[in-house]
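One structure below.
The values are calculated or read from the model by the stated rules, or taken from the named source; none is laboratory data. If you're wondering where the values come from, they're calculated on a predicted model, not measured in any experiment. Neighbour counts are summed over all protein chains in view; Cβ atoms, including those assigned to glycine, are modelled from backbone coordinates with ideal geometry. Surface areas here come from the heavy atoms of the whole protein model, side chains and all, with no ligands, DNA or RNA. Shrake-Rupley method; radii C 1.70, N 1.55, O 1.52, S 1.80 Å.
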Amino acid sequence: MGPTATAEEVEALASRLNPDNIPGRLTLITRMGAERAPLRLPELVRGVARRGIAAVWSFDPEPGNTVVIETGFQTRRL
């Protein structure tokens, strides 16, 4: 889920990916950066929870901070 994602969009995706709303089957990966997350993530989590969507949340605070090394693999400096 990016910084412009809405609970309505998550609901539409969840209904297609996990139509029986089975807990643990759907993982939502948020990629909105550490600066935007405090502004957008709480609202998104509350909206998804209000809709009763069973989902596991994963947060990636550093999307796009990758370096391509000489072998072609992408990695991050930590």
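Restricting segment 17-35 to residues that are touching an Asp or Glu at 6+ places or on another chain (Cβ under 9 Å) and in a helix (DSSP H, G or I) leaves a set whose member that is farthest from MET1 (Cα to Cα) is ALA34.
Taking each residue of segment 3-16 that is within 17 Å of LEU39 (Cβ to Cβ) and assigned to a loop (DSSP other than H, G, I, E, B) and looking for partners that are modelled with pLDDT under 95 and open to solvent by 80 Å² or more (accessible area, probe 1.4 Å) with beta-carbon atoms closer than 7 Å, six or more apart or interchain, yields PRO3/ARG36. Looking across segment 25-35 at every residue that is open to solvent by 60 Å² or more (accessible area, probe 1.4 Å) and within 18 Å of VAL56 (Cα to Cα), the one that is farthest from the chain's Cα centre (by Cα) is identified as ARG25. The single condition among (1) in a strand (DSSP E or B); (2) at positive phi that GLY52 does not meet is (1). Restricted to segment 36-78, and to residues there that are open to solvent by 60 Å² or more (accessible area, probe 1.4 Å), at pLDDT 75 or above and among the hydrophobic types (A, V, I, L, M, F, W, C), the residue that is farthest from GLY2 (Cα to Cα) is ILE69.
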